[in-house]
Amino acid sequence: MNGSRNKQPTSRDAPRGPGETVDCGEHGPQPETFVCQHVAHSLVSREPVGFHWPEDSDQQFPDAWCSECDERHQRSGYEWTGEAADNLGAKVLCAGCYLEARKLALGE
C-alpha cells in the first residue's frame, strides 16, 4: 500500500550504508532495512498496520511505515518532523522480516 510522497524517514540511531547487514535469529545474515515501530510490532501482534514506502524509491527494501505514520507524515506536509518524527520509532529489520511484515500488511 504505497500511498506516500517521496521523503523517507531516517534513523538517527543506525546510519545506513550500502551492503549493511543484520544477523537475524530467524533468517540469518540479511540486508538491513528500516521500518516504523508499528510495522516492526506487527510481526509480534500479527495485526496488519499498513505498509507504505516512498513512491520514487528505487531501493529493493525502501524504508517503510504504517498507515498511522503515513497519516501523520501527510499532516506534517510530507516531512518527518514534529508528531510524525516523534511517533516513527525507526527499527531495524532483516530483509526476511521486512518481507514478512509487508506480506502481513498487504495480504500477499
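None of the figures in this text is laboratory data; all of them are computed from the coordinates on show. Nothing here was measured: the structure is a model prediction, and the numbers come from that model. Every residue, glycine among them, receives a Cβ derived from its backbone with ideal geometry; neighbour counts consider all protein chains shown.
Starting from the Cα of Q37, step 7 Å along the direction of its Cβ; do the same at E55; then give the gap between the two resulting points in nm.
Each label point lies 7 Å from its Cα, and together they span 2.9 nm.
Roughly how many nanometres apart are two label points built 7 Å out from the Cα toward the Cβ at D86 and H27?
Between D86 and H27, the simple spin-label model gives 3.2 nm.
Taking amide H positions as placed in the peptide plane 1.01 Å from N, state which residues far from V22 in sequence (5 or more) or on other chains have amide H under 5 Å from it.
Q30, E32
Tell me the net charge near A64. Cut-off is 11 Å between Cβ atoms, A64 excluded, with +1 for each Lys or Arg and -1 for each Asp or Glu.
Summing Lys and Arg as +1 and Asp and Glu as -1 gives 0.
Please find the FRET efficiency linking L99 to S76, where r is the Cβ-Cβ separation and R0 is fixed at 22 Å, and quote it to the nearest 0.05.
0.20
Using a Förster distance of 25 Å, how high is the FRET efficiency between V44 and E20, based on the Cβ-Cβ distance and rounded to 0.05?
With a Förster radius of 25 Å, E is 0.60.
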